[in-house]
Amino acid sequence: MAVPPPYRQAVPRRRLLAVAVAGVLGAIVVVGLATLAARGPESAVATTSVARASSEPLQGRPPILLPPLVGQPQEPAQRVAWAERLAAQTPGVDAALRLASAQSASDDVAGAEATLAAAVAAAPADPRLASAVALVGYDSAQPEASLDALRGLAEASPADLFTRFSYGVALLWAGRRADGEDQLRRVRDATPETFYGISADDLVHPGMPPGYPPFVPAVSSGRVTLAQLAAAAAAAPGAAAPQVAYAAALLAAGRRSEAAETFDTALLIDPGLLEAKVGRIIATYSKDNPPAAFGQMGPLVRDNPTSPSPRLHLALMLLWLRDPDTARAELRQAAAAAPGTRLGRAALQFLAALTA
């Protein structure tokens, strides 16, 4: 199946996130669409701003991006107050970075500088603090000082993802997109399933929604834990269904490589198992190479016209190409092919979220 051209009129990011908010069937964890919503406002600013031009320098300071915490407010002023309470309760480098991130996002440069200065005095050797200082001190008119500092820190601390990621973001901010993408790809390739690996992939592909297309299993595992599903799969090495259930849970947890391996295990047991084939395509979806996934999913749709799973997941992949019109058509066919089933209901709810 040929990959359709990207839809010219991009779908608003809020509409795509609404698909996740819809909470399809309650038990489906739509990881790809929910990722950005959980990261905080600075991440949305970074992704949408960098998407505006391939090499245009951006005004202001590159954001200090940190993995989100449960309960983290989205409104800047509220997030500062929240981070202040967190720093008072659990002082340390992590809390200082979180407070400085909130202050910088609220344009309180002096506050962020004071927070970082106090933290550096207590932990002078931590490269994350030095990187945050360079980000807060970034001057869009003369970015070289911050870029040089971040490059040196990234080279001196190759295992520190925050530092390496921050250097890549700053390069994008300075309009050096090729250099920034190269740095971010290195972060992604080294740790593809971490917060910074996924965020790096998002920034390298600003025209796509954040995260990756989700996988919707035909049967819900209910409230069974990942550990319980792993045990069930290990206890039934000759049964494909427990492997698929475990693989689906791994994928929902963001453990994509393990999910792909577990889908492979299911296919060794039952080479014709359609759901395992679909799941493996989703688990190995690459933003660098969408045609590979479409080239595999297309024949599954063609050869299984009455099965909802390939068509439903083809529709979800189409959203990552910004083609909502074709996605809607595929969702309608998936819903019609399996009315009343879990996948049929999922197709209807995705369709409703896109149409809202």
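All of the numbers you see were taken from the coordinates with simple rules; none came from a lab. Quick caveat, the model's predicted, so the values are computed rather than measured. Here Cβ is always computed from backbone atoms with ideal geometry, including for glycine, and neighbour counts include all displayed protein chains.
Observations on the structure shown:
- Converting phi to 3J(HN,Hα) with the Karplus coefficients 6.51, -1.76 and 1.60 and the offset θ = phi - 60°, segment 130-142 yields 5, 5, 5, 4, 5, 5, 5, x, 4, 10, 4, 7, 9 Hz in sequence order, with x at every glycine or proline.
- In this rough spin-label picture, where each label sits 7 Å from Cα along the Cβ direction, the Gln89-Ala190 distance is 3.2 nm.
- Panel order for Arg85, Arg332, by other beta carbons found within 10 Å of each beta carbon, from fewest to most: Arg85, Arg332.
- Per-residue extension of 0.36 nm, minus the Cα-Cα distance of Asp303 and Ala236, leaves a gain of 21.2 nm for this segment.
- Cβ charges +1 (Lys, Arg) and -1 (Asp, Glu), total dipole of segment 54-204, debye: 180
- Under the criterion of Cα pairs below 8 Å and six or more residues apart, the relative contact order for segment 126-186 equals 28 percent.
- Here the residues Asp160, Asp264, Asp126, Asp303, ranked from fewest to most Cβ neighbours within 10 Å of their Cβ, fall in the order Asp303, Asp264, Asp160, Asp126.
- Inter-part distance where segment 210-244 and segment 71-104 are each reduced to a Cα centre, Å: 36
- Taking every alpha-carbon pair under 8 Å whose residues sit at least 6 apart, segment 54-204 reaches a relative contact order of 24 percent.
- Here the spin labels are modelled as points 7 Å beyond Cα on the Cα-Cβ line, and at Ala117 and Leu274 they lie 6.6 nm apart.
- Theoretical gain in end-to-end length, Asp139 to Ser220 [0.36 nm per residue, Cα-Cα removed]: 24.1 nm
- Counting neighbouring Cβ atoms within 10 Å and putting the fewest first, the residues His313, His205 line up as His205, His313.
- Averaging the sequence gap over all C-alpha pairs within less than 8 Å and six or more residues apart, then dividing by the number of residues, gives segment 299-356 a relative contact order of 31 percent.
- Rounded to 0.05, the FRET efficiency of the Ala253 and Ser286 pair, given R0 = 25 Å and the Cβ-Cβ distance, is 0.85.
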